[in-house]
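First comes the structure, then the notes that go with it.
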Amino acid sequence: MILTKAQYEEIAQFLVAVPPTRQSLRKLKQRFPSQSQSTLLSIFSQEYQKHIKRTHAKHHTVEAIETYYQRYLSGVVKDGTAPVLLELANEVDYAPSLMARIILERFLQDQEESPPSKSVINSMLRDPSQIPDGVLANQVYQCIVNDCCYGPLVGCIKHAIGHEHEVLLRDLLLERNLSFLDEDQLRAKGYDKTPDFILEVPVVMLCPLALEGHIIHWIESKASFGDECSHQAYLHDQFWSYWNRFGPGLVIYWYGFIKELDCNRERGILLKDCFPTDLVTLGQSIAQP
């Protein structure tokens with residue numbers, strides 16, 4: 001779904017006033033019934049991640065960490081079954097999974113002589129049963145399953161959705177009998193940074209209001225909404241590199257994008273929110289009267 005910048009900003013402004021909960025997602029859908037659920041969910045997640053990045057530092061000062069840890073300890077002493085960590089995260093407006101990480105790291109510092117490694121922390125967050133304290137393990141688990149935007153559970157879901165859309169794109173290319181190389185095949189050839197698919201025979205995406213079209217050498221799949229922040233990062237880190245190495249290409253934001261961002265067509269990067277139906281091979285294009 002393609003939104004104007006004004007439509008996007010109206011949604012983003014609405015999200016400023018609501019907490020990052022599943023109940024807020026329902027309110028968002030009620031407020032913007034004409035927008036797809038997937039688009040709203042992606043915008044919801046992206047806007048919350050921006051908020052977390054802006055406020056991340058204040059939650060990681062020595063004073064803040066010690067305050068959170070002491071509040072956790074006093075809370076579980078009163079009632080170890082209550083969602084102490086989850087309620088603390090919601091109170092200070094921080095992602096529950098990230099709050100769980102702070103408390104887990106602080107707990108392990110008391111248990112071990114050296115600071116815990118990142119791999120150990122990640123392993124315990126993925127499987128809280130490894131945490132050597134039953135109460136904390138339960139508290140961490142509650143945070144992970146109730147986090148809409150962060151944590152290992154959300155990471156697995158995002159990875160699965162991304163893979164699902166890559167498979168969908170592959171199937172659509174096969175249906176059109178388009179010859180391509182995928183990311184794994186390209187890396188086997190020695191490429192270090194590659195799009196999802198390189199077309200062995202370039203295609204042309206026709207323009208409804210013009211006789212000419214846009215040549216496409218590669219296609220990148222993004223199972224997200226293309227907002228200005230993420231799109232500019234992708235341009236810098238990925239898309240211009242692809243363009244420089246392989247020529248012009250197409251980016252599919254399956255959950256939509258801000259219309260005004262599709263401004264680099266003449267320079268060789270096109271945006272769509274679905275697989276284009278107006279593709280022809282270069283040979284077909286030349287043969288047309």
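The values are calculated or read from the model by the stated rules, or taken from the named source; none is laboratory data. Predicted, not measured: the structure shown is a model, and the values here were computed from it. Please note: Cβ atoms are built from the backbone with ideal geometry, for glycine as well, and neighbour counts cover all protein chains shown. The accessibility values were calculated without ligands, DNA or RNA, using every heavy atom of the protein model including side chains. Shrake-Rupley method; radii C 1.70, N 1.55, O 1.52, S 1.80 Å.
Odds and ends about this structure:
- Measuring spread by the Cα atoms of the range 115-244 yields a radius of gyration and Dmax of 20.5, 68 Å.
- Whole-Hz couplings from phi, Karplus 6.51/-1.76/1.60, listed for the range 245-253; x for Gly and Pro: 8, 10, x, x, x, 10, 10, 9, 8
- Leading residue at positive end of dipole, the range 155-281 (Cβ point charges), from Leu270, His165, Val201: Val201
- Amide proton proximity set for Thr281, modelled H, under 5 Å, gap of 5+: Val204
- For the chain: rounded, prolate or oblate by the Cα gyration tensor [a/c cutoff 1.5]: prolate
- Overall form of the range 178-243 per C-alpha gyration tensor (a/c, 1.5; a/b vs b/c): oblate
- Relative to the Cα centre, the charge distribution of the chain, modelled as +1 at Lys and Arg Cβ and -1 at Asp and Glu Cβ, gives a dipole magnitude of about 440 debye.
- For Ser224, the residues 5 or more places off, or on other chains, whose built amide H falls under 5 Å of its own are Trp254, Tyr255.
- Dipole-positive endmost among Pro152, Phe180, Ala12 within the chain (Cβ charges, Cα centre): Ala12
- Using the Cβ-Cβ distance between Asp79 and Val145 with R0 = 30 Å, the FRET efficiency computed as 1/(1 + (r/R0)^6) comes to roughly 0.95.
- For the range 155-281, the per residue solvent-accessible surface stands at 52 Å², with DNA, RNA and ligands left out and a 1.4 Å probe.
- Think of each Lys and Arg Cβ as +1 and each Asp and Glu Cβ as -1; about the Cα centre, that makes the dipole of the range 60-150 roughly 160 debye.
- The residues of the range 2-56 expose on average 57 square angstrom of accessible surface per residue, using a 1.4 Å probe on protein heavy atoms.
- For the range 1-72, diffusion coefficient by Stokes-Einstein and Kirkwood Rh (Cα), 20 °C, 1.002 mPa s, µm²/s: 154 µm²/s
- For the range 256-272, backbone phi angles converted through the Karplus equation (6.51, -1.76, 1.60; θ = phi - 60°) give residue-by-residue couplings of x, 7, 6, 3, 5, 6, 7, 10, 10, 4, 5, 8, x, 10, 9, 10, 9 Hz, Gly and Pro being listed as x.
- Euclidean distance of C-alpha centroids, the range 12-58 and the range 195-271, integer Å: 26 Å
- Counting only lysines at least 8 places from Lys193 when in the same chain, those with an alpha carbon closer than 25 Å to its own are Lys158, Lys222, Lys272.
- Debye, to nearest 20: dipole size of the range 155-281, +1 on Lys, Arg Cβ, -1 on Asp, Glu Cβ: 180 debye
- Gyration tensor verdict on the range 60-150 (Cα atoms; rounded if a/c is under 1.5, prolate if a/b is larger than b/c, oblate otherwise): rounded
- Within the chain, the selection of entire DSSP H helices by a Cα span of 15 Å or greater along the long axis and an average Kyte-Doolittle value of at least 1.0 returns 134-145.
- Mean-square fluctuations from a GNM of the chain, with a 10 angstrom spring cutoff on Cα atoms, peak among Ser38, Ser123, Ser224 at Ser123.
- Heavy-atom accessible surface of the chain: percent carbon and sulfur, 1.4 Å: 54 percent
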